[in-house]
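Have a look at the structure below, then the notes.
The values are calculated or read from the model by the stated rules, or taken from the named source; none is laboratory data. Everything numeric in this text was worked out from a predicted model, so none of it was measured. Cβ atoms come from the backbone with ideal geometry, glycine included; neighbour counts cover every protein chain shown. Only protein heavy atoms, including side chains, enter the accessible area calculation; ligands, DNA and RNA are left aside. Shrake-Rupley method; radii C 1.70, N 1.55, O 1.52, S 1.80 Å.
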Amino acid sequence: MDSLNQRIDLVGLCHGELLAELESIGEKKFRAKQLWHWVYYQGKQKFSDMSSLAKSSQERLAQTYEVTRPKIMAEKISDDQSKKWLLRFQDGNEVETVYIPEVARGALCISSQVGCTLSCSFCHTGTQKIIRNLAAGAIINL
């Protein structure tokens, strides 16, 4: 829960937790499936953009919940087409995600902590001391 606006972030809740949250505010069970689709398949953050939800549900959800994503602070593409994204969370902490292409596949380095002990020279996260572990919702957002 964000201490500034007291809304609960739905990202990272498992399906059962999402169902329980929605039932606690009087929403029907099928809303969990709808929200799951909008958040994880369509990438929507605003309830008003979730057109299959009734307007009354959109308003009720917006009062109690939020869907957050980290902010992309920088994006870099190297000569070998590796891509790096520096992401900032709402608390101001940053991590980096790196995609390294291969001929028939690619590798993706996803941070599970703010800070890292591996000290990879190509990764911003590796230059930081470990500050904290990321919650499931933060890792999903990467």
Positions within region 40-98 being touching a Cys at 6+ places or on another chain (Cβ under 8 Å) and not aliphatic (A, V, I, L, M), in sequence order
K84, E96, T97
Scope region 52-61; condition closer than 17 Å to D9 by Cα and surrounded by 14 or more Cβ atoms within 10 Å (Cβ to Cβ); matching residues
S57, Q58, R60, L61
Quick one: in region 42-51, which of the residues that are open to solvent by 70 Å² or more (accessible area, probe 1.4 Å) and in a helix (DSSP H, G or I) is nearest to R7 (Cα to Cα)?
S48
Identify all residues within region 15-28 that are assigned to a loop (DSSP other than H, G, I, E, B) and open to solvent by 70 Å² or more (accessible area, probe 1.4 Å); write none if there are none.
K28
Here are L22, L13, L86: which of them is over 28 Å from K129 (Cβ atoms) and without any contact (Cβ under 8 Å) to a residue 60 or more places away in the chain?
L22
Restricting region 1-14 to residues that are open to solvent by 70 Å² or more (accessible area, probe 1.4 Å) and farther than 12 Å from G137 by Cα, the residue that is modelled with the highest pLDDT
Q6
Please go through region 63-83 and give me each residue that is within 23 Å of G12 (Cα to Cα) and either free of Cβ contacts under 8 Å to residues at least 24 places away in the same chain or not aliphatic (A, V, I, L, M) (or both), ordered by number.
Q63, T64, Y65, E66, T68, R69, P70, K71, I72, M73
Might you let me know whether region 29-41 holds any residue that is more than 30 Å from K129 (Cβ to Cβ) and part of a loop (DSSP other than H, G, I, E, B)?
yes
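Test of understanding: among G115, G137, which residue is more than 27 Å from H15 (Cα to Cα), within 21 Å of the chain's Cα centre (by Cα) and small (G, A, S)?
Sole residue among the options that is more than 27 Å from H15 (Cα to Cα), within 21 Å of the chain's Cα centre (by Cα) and small (G, A, S): G115.
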